[in-house]
Amino acid sequence: MTQTYDDTQDTGSHGRLRDGIDTAKQTANKAVDAASDVAKRATQGIEANPLGLLVGGIAVGAAVGALLPRSEKEKELLAPVGARLGASARAAIAAAKDAGRNELEARGLTKDGAQAQAKELFQGVLKAASSAGSAAKQSATAGSQTE
């Protein structure tokens with residue numbers, strides 16, 4: 001009888017082992033299916049919006065680059081490039097300012113021109129107010145003489 005009990009126990013252990021293997025296979029298949037679905041959706045997203053992928057990649061690259069410390073070799077190699085880029089940017093800004101200033105001057109929109117126009121406008125307003133006051137006074141004087 002002891003022999004039968006051991007056979008039954010072995011059969012039960014073997015069955016549980018098979019159940020475990022089957023469960024592991026099913027879980028692995030589900031994981032593969034899920035990974036495949038994610039890959040398909042990612043591919044569709046990339047095909048629909050490749051520019052978004054590019055921007056995302058640049059953002060991730062910039063973040064990683066900002067977090068990593070610079071090596072001495074990078075500093076040595078990139079310092080001249082940074083200096084040239086900085087000088088080019090300063091030159092471009094100066095050229096843009098000059099071009100804008102020249103365009104405004106060509107249209108008569110200089111600081112002195114604006115001040116002259118404001119002064120002329122203010123004098124015009126004063127003259128109009130004075131003329132209106134004089135006209136009102138003459139009208140009132142003429143109206144009182146006719147009475």
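Note down the magnitude of the dipole of the stretch 67-138 about its Cα centre, charges +1 on Lys and Arg C-beta and -1 on Asp and Glu C-beta and zero elsewhere, to the nearest 20 debye.
Here the stretch 67-138 has a charge dipole of around 200 debye.
Using the C-alpha gyration tensor of the stretch 49-110, what are the square roots of 5 times its eigenvalues, in whole angstrom, with the largest one first?
37, 21, 8
How long is the gain from Glu74 to Ala62 if the chain were fully straight, where each residue apart is worth 0.36 nm and the alpha carbon distance is subtracted?
Gain on extension, Glu74 to Ala62, equals 2.8 nm.
Among all the lysines, which ones have a C-alpha under 20 Å from Lys97's C-alpha, if same-chain residues fewer than 8 places away are not counted?
Straight-line reach from Lys97, under 20 Å: Lys111.
Run the accessible area of the chain with a 1.4 Å probe and give the carbon-and-sulfur part as a rounded percent.
62 percent
Which whole-number value in Å² is the accessible area per residue of the chain, probe 1.4 Å?
Ligands and nucleic acids excluded, the result is 86 Å² per residue.
Rank Leu109, Leu85, Ala96 by how far each Cα sits towards the positive end of the charge dipole of the chain (+1 on Lys, Arg Cβ; -1 on Asp, Glu Cβ) and give me just the farthest.
Of the options given, the answer is Leu109.
Putting +1 on Lys and Arg Cβ atoms and -1 on Asp and Glu Cβ atoms, find which of Leu121, Asn49, Gly20 reaches farthest to the positive end of the dipole of the chain.
It is Leu121, whose Cα lies furthest towards the positive end.
Mind checking which lysines have their C-alpha under 26 Å from Lys30, skipping anything on the same chain fewer than 8 residues away?
Lys40
Return the sequence-ordered ³J(HN,Hα) values of the stretch 89-106 in whole Hz as given by the Karplus equation 6.51 cos²θ - 1.76 cosθ + 1.60 applied to θ = phi - 60°, using x for Gly and Pro.
Values, residue by residue: 5, 4, 5, 5, 5, 4, 5, 5, 4, 5, 4, x, 4, 4, 5, 5, 5, 5 Hz.
Figure the gain on full extension for Ile21 and Asp98 (residue separation times 0.36 nm, minus the Cα-Cα span) and round it to one decimal in nm.
Stretched out fully, the Ile21 to Asp98 stretch lengthens by 20.0 nm.
Hey, what number do you get for the chain at 222 nm if only DSSP H runs of n ≥ 4 count, each worth -39500 (n - 2.57), divided across all residues, to the nearest 500?
-33500 deg cm²/dmol
Among residues other than Ala39 whose Cβ falls under 14 Å from its Cβ, what is the net charge (Lys/Arg +1, Asp/Glu -1)?
So the surrounding residues net to -1.
Rounded to the nearest 20 debye, what is the charge dipole size of the chain about its Cα centre when +1 sits on each Lys and Arg Cβ and -1 on each Asp and Glu Cβ?
Here the size comes out at about 1000 debye.
Show me, for the stretch 14-22, the HN-Hα J-couplings you get by feeding each phi into the Karplus relation (A = 6.51, B = -1.76, C = 1.60, θ = phi - 60°), rounded to Hz, glycine and proline as x.
Residue by residue, the stretch 14-22 yields 5, x, 5, 5, 5, 4, x, 5, 4 Hz.
Over the C-alpha atoms of the chain, what are the Rg and the largest Cα-to-Cα span, Dmax, in Å?
Expressed in Å, the Cα Rg and Dmax of the chain come to 43.1, 146.
The values are calculated or read from the model by the stated rules, or taken from the named source; none is laboratory data. The shown structure was predicted, so the numbers you read here are calculated from the model rather than taken from an experiment. Don't worry about glycine lacking a Cβ; one is built from the backbone with ideal geometry, like all the others, and counts go over all protein chains shown. Each accessible area value is taken on the protein alone, full model and side chains, heavy atoms only, with ligands, DNA and RNA left out. Shrake-Rupley method; radii C 1.70, N 1.55, O 1.52, S 1.80 Å.
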